[in-house]
Amino acid sequence: MTTAPTLLRASTAALRRHGLLLVLLLPLIGSSGVAAQGGGAVPRQRRQVVDVGVILDSKTWAGNISLACMEQALEDFYADAGRARYRTRLKLHLRDTGPSAVDAASAGVDLLKNVRVQAIVGPQTSTQAKFLAELGNKSRVPIISFSADCPSRSGLTPYFIRTAWNDSSQAKAIASLVQNYNWREVVSVYEDDDTNIKFIPDLVDALKQVDTRVSYRCKIHPTATEEDMKTAISSLRQNWTSVFVVRMSHTLAHKFFQLAKQEGMMSQGFVWITAYGLTDIFDVVGSPALDVMQGVLGVKPHVQDTVELQNFRQRWRKKYRLKNPGTSLSEPTVSGLYAYDTIWALALAAEKAGYVNSGFGLSLTKNGSTDFDRIDTSKAAEKLRGALLKVKFLGISGKFHIEDMQLVSSNYTIINIVGQERREIGFWTPGFGISGNPKMKSDLNTIIWPGCNHSSGCNETSPRGWILPTNKTLIIGMPVKPGFEGFVRFENGTATGFCVDVFEAVVKELPYHVPRVYEQFGDGEGSSNGTYDELVYEVYLKRYDAVVGDITILANRSSYVDFTLPYTESGVRMLVPVQDRRQKTAWTFLRPFTADLWLGTGAFFVFTGFVVWSIEHRINQDFRGSPASQIGSVFYFSFSTLVFAHREQILHNLSRIAIVVWLFVALIVQQSYTASLSSILTVEQLQPTVTNLEEVIRNGGNVGYLNDSFLPGLLKRLKIDESKMIAFDSPVEYNEALSTGKVAVIVDEIPYLKVFLSKYCQNYTMVGPTYKFDGFGYAFPRGSPLTPDISRGILKFASDDRMVKMQNELYGYTSCPDKDDSQTSSSLTLHSFQGLFIISGVSSVLALVLHAVITIYNNRHEFSSDSSQSSWRRWPVVLSKLFHGDDSPSNTPVEDEAATENVGSAVETPLSIRIPGHIVEHLSNTETGSPQEGEGTPGREISVQDTEPLSFAYMHSERGQNRVASLSRSGSSIRRRQISME
């Protein structure tokens with residue numbers, strides 16, 4: 001019999017043998033099991049698990065959807081046969097923390113200390129991200145968020161990575177949409193939490209780049225009650241801007257839009273733009289959100305609808321509805337797609353990092369007083385982070401590529417809520433901005449705005465971006481102007497006048513109604529409550545919504561208000577008395593011509609007379625005689641042509657040409673002189689007493705100006721002594737001060753001066769330079785949307801004849817022209833007749849030159865008649881003989897006796913004949929006619945018979961032969977004989 005110890009020892013030995021066998025068989029069993037499951041997969045003991053922590057609030061729709069997408073991502077990633085051979089495998093460790101940031105931080109410490117995760121995914125809010133980012137920085141474990149909108153990159157660590165859209169690029173997309181419709185003001189409505197700390201400044205900066213400002217920021221606390229929201233919405237209704245950019249949580253946004261619809265703010269004229277995060281409300285809430293957000297525009301990241309995405313939606317929908325029965329969600333949100341791609345990126349990075357170094361896990365743990373101190377750094381997690389930053393692939397949400405610790409900005413889709421649909425109306429891309437096509441620039445599709453019919457749309461193409469506040473009546477201030485009631489006046493509670501009439505005409509042309517009431521800025525007794533500057537400042541203080549009146553646009557005033565374009569003539573000028581300058585003097589007859597014209601006309605008179613005398617004196621006895629007689633003939637003839645009284649007979653054609661041209665010039669000069677002299681003697685010529693302010697300053701005169709105006713400052717800048725400035729209130733006072741000499745000039749704006757001249761036109765005029773100012777304009781608060789509309793209305797109205805009619809009623813129908821010196825001067829200058837004098841001068845010179853050439857040519861034999869002297873000494877003598885020669889008809893030789901037998905038959909005795917002294921050869925008074933020797937006698941005695949007393953003879957040259965001719969008187973007849981000499 002075997003004893004108990006023996007049995008015990010036998011049993012122990014058997015167990016040892018079977019245990020050793022079991023140990024030897026375990027690897028084979030495990031290997032066969034894995035082979036049976038994976039068929040060629042990596043053995044289980046060689047696959048390395050990468051622990052990844054997940055911190056989400058599964059009670060929220062965002063956390064629930066994101067967790068489902070991450071689980072689906074792991075399933076899809078490792079379902080691929082190729083990835084089944086990976087040496088690494090992600091393992092997710094969920095911590096459902098709720099919205100608390102402290103709970104999220106505690107969960108992070110737990111995951112790092114106890115689970116030793118290599119990455120943490122999913123802090124949903126920015127507050128949670130702040131705490132976890134510090135943990136990740138201390139442990140060098142990457143904290144990856146696909147949904148948190150962090151306050152700023154500077155506040156985060158290098159170990160915080162965002163795998164979601166970039167809020168800065170989303171702000172640029174919204175700004176481009178605003179710019180596309182030329183909206184100049186936007187109101188931001190956002191939840192007052194960490195989510196919007198970075199987004200709102202980014203939005204303001206992006207809008208500023210497109211010249212749009214955020215006029216008001218409406219903050220709503222996450223725990224706001226319905227009454228709080230109503231108060232916020234009421235403040236929005238009191239604002240002129242009707243373009244709102246909304247960014248808040250889904251629950252808060254749904255309630256906000258319900259109340260906004262009840263308050264009538266989802267009607268025509270309003271524009272609502274939702275940022276992404278809120279755009280997913282339509283997926284989460286469904287029809288209730290669509291019903292209260294009709295016409296709303298939304299911005300969300302653009303996701304290409306691919307086959308892979310469609311297949312994923314089917315798998316996700318089936319799995320999500322199994323876990324969440326009764327849900328209305330039909331597809332995952334964009335943030336869920338980002339969560340899906342994040343898990344894929346981590347799986348790829350883990351494989352890449354794990355293949356290089358298979359050592360995963362935390363290094364030695366420190367001993368510390370707190371759990372936070374016991375967390376040490378992880379070299380493996382740091383390698384995982386480096387691999388994740390290099391991962392690039394095409395996910396279901398688009399290209400996955402991390403730069404600057406966040407996902408590269410993608411394109412955005414613009415959606416429009418119409419009925420139960422979310423229509424895609426356009427896209428935003430960094431290259432094209434807002435466009436109807438993501439690949440090319442084109443117009444957006446038709447938008448159905450709030451309050452518009454879904455089928456026919458609205459009458460207006462797009463909202464103008466502002467709307468009159470509810471039950472708002474504009475209070476319009478008016479100045480008190482007792483002296484110039486034509487501009488503004490207030491009678492029996494009714495505002496009238498030129499300024500008011502123009503404003504009313506412009507406002508009535510606007511495409512919308514503007515309720516308004518006028519209020520006079522006065523004490524009710526005809527006196528003003530202050531200056532015009534103080535009236536304009538009332539608009540800045542919001543006591544008036546606008547100021548209508550004769551308000552001059554000035555730089556200092558535009559610092560507080562916005563002015564419309566001017567609707568009157570601009571500028572400041574001087575008003576001075578005028579005097580008639582028709583004083584008669586002994587020398588008034590000289591005033592029609594200036595001194596240069598008098599001298600020029602006289603010179604041409606003398607020159608023309610000299611030309612005629614030069615041509616005529618050889619052949620015309622009227623231009624011969626003694627030197628004194630000839631000089632007198634020249635002056636008498638030239639000046640007698642002025643009145644066409646010359647009696648000298650003109651024989652030469654060249655003289656006639658010169659005279660005809662000169663008579664034409666003299667006629668025009670004479671008629672001009674007559675007309676100018678008549679004007680000087682008969683027409684009233686008013687002349688300003690003062691032409692500039694410098695003259696007033698030199699003479700020490702006083703300067704008047706309009707009371708309660710900006711002119712004192714201008715006059716001081718023009719160096720006018722303040723003691724010399726006197727203020728007046730009305731045109732009557734202007735007239736009295738100027739007529740009595742109390743002031744030398746009145747300095748005022750042109751519209752006021754025109755009103756004054758309409759009553760006192762004959763005695764005054766505007767003179768001097770125009771000091772530039774912008775005229776009258778209407779004042780509105782800074783940024784008022786009415787300002788550009790009124791300005792455009794003024795431009796349109798100014799081109800209409802209605803403006804001309806209003807100005808005629810204000811200034812009078814009769815015009816009062818300026819009376820400057822330049823307009824009253826009547827003296828004619830030499831330049832006025834320059835062309836005529838040139839024509840006359842050229843004609844006379846040509847006639848004189850032609851006469852000289854012809855004369856020299858006809859007497860060319862004289863140049864060779866005396867060869868005893870050199871040619872240069874002979875020329876003056878010959879030219880003198882030619883110039884003083886006598887070719888008049890009384891000294892012309894007769895060719896034959898028969899032809900001149902009875903030449904002087906009609907001549908009465910006694911006969912007087914003049915013979916030039918240089919050609920007389922012989923003169924005889926004897927009966928025999930014996931010739932007397934004289935200068936030029938040929939040296940032979942010539943006998944002439946049958947002559948009567950008073951006969952004479954002379955010698956002349958003809959055809960190269962010397963001839964002697966005798967001329968005698970016999971009774972009443974003159975006989976002539978001619979004898980040739982050998």
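The values are calculated or read from the model by the stated rules, or taken from the named source; none is laboratory data. If you're wondering where the values come from, they're calculated on a predicted model, not measured in any experiment. Every residue, glycine among them, receives a Cβ derived from its backbone with ideal geometry; neighbour counts consider all protein chains shown.
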| task | Take the residues in region 33-74 that are modelled with pLDDT under 85 and crowded, with 19+ Cβ neighbours inside 10 Å, then tell me which one is nearest to Ile396 (Cα to Cα). | result | Ala62
| request: Would you check if there is a residue in region 87-97 being assigned to a helix (DSSP H, G or I) and surrounded by fewer than 18 Cβ atoms within 10 Å (Cβ to Cβ)? | output: no
| said: So, Val271, is that one at pLDDT 90 or above and either assigned by TED's automatic domain parsing to the domain that holds Tyr181 or closer than 21 Å to Leu329 by Cβ (or both) or not? | reply: yes
| note | If you go through Ile415, Ile434, Ile448, the only one that is closer than 20 Å to Gly269 by Cβ, in contact with a strand residue (DSSP E or B) (Cβ under 9 Å, 6 or more places away or on another chain) and among the hydrophobic types (A, V, I, L, M, F, W, C) is Ile448
| task | Search region 139-151 for residues that are assigned by TED's automatic domain parsing to the domain that holds Ser249 and pair each with any residue that is modelled with pLDDT of 75 or more when their beta-carbon atoms are under 6 Å apart and the residues are at least 6 apart or on different chains. | result | none
| query | Hey, does region 139-147 have a residue that's in contact with a Gly (Cβ under 7 Å, 6 or more places away or on another chain) and surrounded by fewer than 22 Cβ atoms within 10 Å (Cβ to Cβ)? | reply | no
| query | What are the residue pairs meeting all of these: first residue in region 297-321, first residue more than 30 Å from Leu444 (Cα to Cα), second residue surrounded by fewer than 16 Cβ atoms within 10 Å (Cβ to Cβ) and not acidic (Asp, Glu), Cβ atoms under 7 Å, and 6 or more apart or on different chains? | reply | Arg317/Ser330; Tyr320/Thr327; Arg321/Thr327
| Is region 719-731 home to any residue that is under 36 Å from the mean Cα position of the chain (by Cα) and farther than 30 Å from Gln807 by Cβ? | yes
| message | Take residues that are surrounded by fewer than 17 Cβ atoms within 10 Å (Cβ to Cβ) and tell me which of the strands (runs of 3 or more DSSP E) falling wholly in region 683-739 contain 2 or more. | response | 725-728
| remark: Picked from region 418-431 (must be out of contact with any strand residue (DSSP E or B) (no Cβ under 8 Å at 6 or more places or on another chain) and part of a strand (DSSP E or B)), the residue surrounded by the most Cβ atoms within 10 Å (Cβ to Cβ) is Val418
| query | Do we find a residue being within 39 Å of the chain's Cα centre (by Cα) and on the phi > 0 side of the Ramachandran plot anywhere in region 431-451? | reply | yes
| remark: Just one listed residue, out of Gly19, Gly30, is touching a helix residue (DSSP H, G or I) at 6+ places or on another chain (Cβ under 9 Å), more than 22 Å from Ser147 (Cβ to Cβ) and modelled with pLDDT under 50, and it is Gly30
| task | Collect the residues in region 597-638 that are aromatic (Phe, Trp, Tyr) and modelled with pLDDT under 75, keeping them in residue-number order. | result | Phe623, Phe635, Tyr636, Phe637
| Residue that is modelled with pLDDT under 85, of a type in the set (S, T, N, Q) and out of contact with any His (no Cβ under 6 Å at 6 or more places or on another chain), where the choices are Ser363, Ser397, Ser435 | Ser363
| request: May I ask you to list pairs of residues, at least six apart or on different chains, whose Cβ atoms are under 6 Å apart, with the first in region 794-823 being in a loop (DSSP other than H, G, I, E, B) and the second being at pLDDT 85 or above? | output: Gly812/Ser758; Cys816/Leu757; Asp818/Thr765; Asp818/Met766; Lys819/Thr765
| Is at least one residue of region 198-217 in contact with a helix residue (DSSP H, G or I) (Cβ under 8 Å, 6 or more places away or on another chain), over 30 Å from Tyr512 (Cβ atoms) and of a type in the set (Phe, Trp, Tyr)? | yes
| query | Could you say which residue among Val767, Val743, Val747 is touching a residue at least 40 places away in the same chain (Cβ under 8 Å), surrounded by 20 or more Cβ atoms within 10 Å (Cβ to Cβ) and in a loop (DSSP other than H, G, I, E, B)? | reply | Val743
| query | When you look at Trp466, is it in the same structural domain as Gln262 (by TED's automatic domain parsing), modelled with pLDDT of 85 or more, of a type in the set (A, V, I, L, M, F, W, C) and under 33 Å from the mean Cα position of the chain (by Cα), yes or no? | reply | no
| request: Check region 160-181 and report whether any residue there is over 30 Å from Thr377 (Cβ atoms) and β-branched (Val, Ile, Thr). | output: yes
| field | Number of positions in region 456-515 that are among the charged types (D, E, K, R), in a strand (DSSP E or B) and loosely packed, with under 13 Cβ neighbours inside 10 Å | value | 1
| request: Please enumerate the residues belonging to region 744-776 that are within 14 Å of Gly486 (Cβ to Cβ) and hydroxyl-bearing (Ser, Thr, Tyr). | output: Tyr752, Ser758
| said: Here is a check on your reading of the model: is Leu444 within 30 Å of Tyr338 (Cβ to Cβ), modelled with pLDDT of 80 or more, outside the structural domain of Trp240 (by TED's automatic domain parsing) and surrounded by 15 or more Cβ atoms within 10 Å (Cβ to Cβ)? | reply: yes
